[in-house]
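As structure tokens, the structure follows; a few thoughts come after it.
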Amino acid sequence: MSNLQGHFSGEGEIPDWLTDLLVSSDSDSVTQIFDDAALSRKLGEDVSLLRQSTGKNITVFAPEVGLSRGHLSKLENGRGNPTISTWGAIAKAGGKTLQISYIDQDEKDNARLTSIFHDADVSETLGSAVSQLRQSTGKSITAIAPEVGLSRGHLSKLENGHGNATINTLAAIAQKAGKTIEVTFVDQEPDVL
């Protein structure tokens, strides 16, 4: 099971001079750009490992998830920002289920809200999570939508289970709620007869 968090670790860490600049910066957007890049890179690595664990090459695996070979290659190389339903399709093709946990930044060991995305309920599960995260900020849809780069209408549709979002958009909403996200591909639950 892979455990992905939107931060740098190991090779390719942010240099100290850049970390100091980001910490001293008043701009959340500068930090978010680097967080998004790190998250995309870690998710790409995980997708590559998941695909390789199936024994399939990109040419065979890509159509199973509804992507072109080039698009899947870009994702595996940390370039791209597909929707949560696309990540769910990738998980399914690899024999896994997409799970996203939202962890309180102050209480990493305790407080955790987890969404498990099954095929049929991606929009509904996403809507519930987005609604809970937004409500925990104490802000209205109108107030928080521009802070996370969405229109009021788009955020409203997401909360009502009628839309899709990217992992980076979900991470931005979670950040406003004081949470980080952890993305994992977990073993699929057995079908209940």
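Using a probe of 1.4 angstrom and keeping all protein chains present, the accessible surface of segment 42-105 works out to 42 square angstrom per residue. Per-residue 3J(HN,Hα) values for segment 163-176, derived from phi via the Karplus relation 6.51 cos²θ - 1.76 cosθ + 1.60 with θ = phi - 60°, read x, 9, 9, 8, 4, 5, 5, 4, 5, 5, 5, 4, 4, 5 Hz in sequence order (x marks Gly and Pro). Placing a pseudo-label 7 Å from each Cα along the Cα-to-Cβ vector at residue 136 and residue 154 gives an inter-label distance of 2.3 nm.
Once the 1.4 Å probe is applied to the protein heavy atoms, segment 118-157 comes out at 52 Å² accessible per residue. Partner lysines whose Cα lies under 21 Å from the Cα of residue 139, excluding those fewer than 8 positions away in the same chain, are identified as 157, 176, 179.
The values are calculated or read from the model by the stated rules, or taken from the named source; none is laboratory data. The structure presented is a predicted model; accordingly, all values stated were derived computationally and were not measured. Glycine also receives a Cβ, built like all others from the backbone with ideal geometry; neighbour counts cover every protein chain displayed. Heads up: the accessible areas ignore ligands, DNA and RNA and are worked out on the full protein's heavy atoms, side chains in. Shrake-Rupley method; radii C 1.70, N 1.55, O 1.52, S 1.80 Å.
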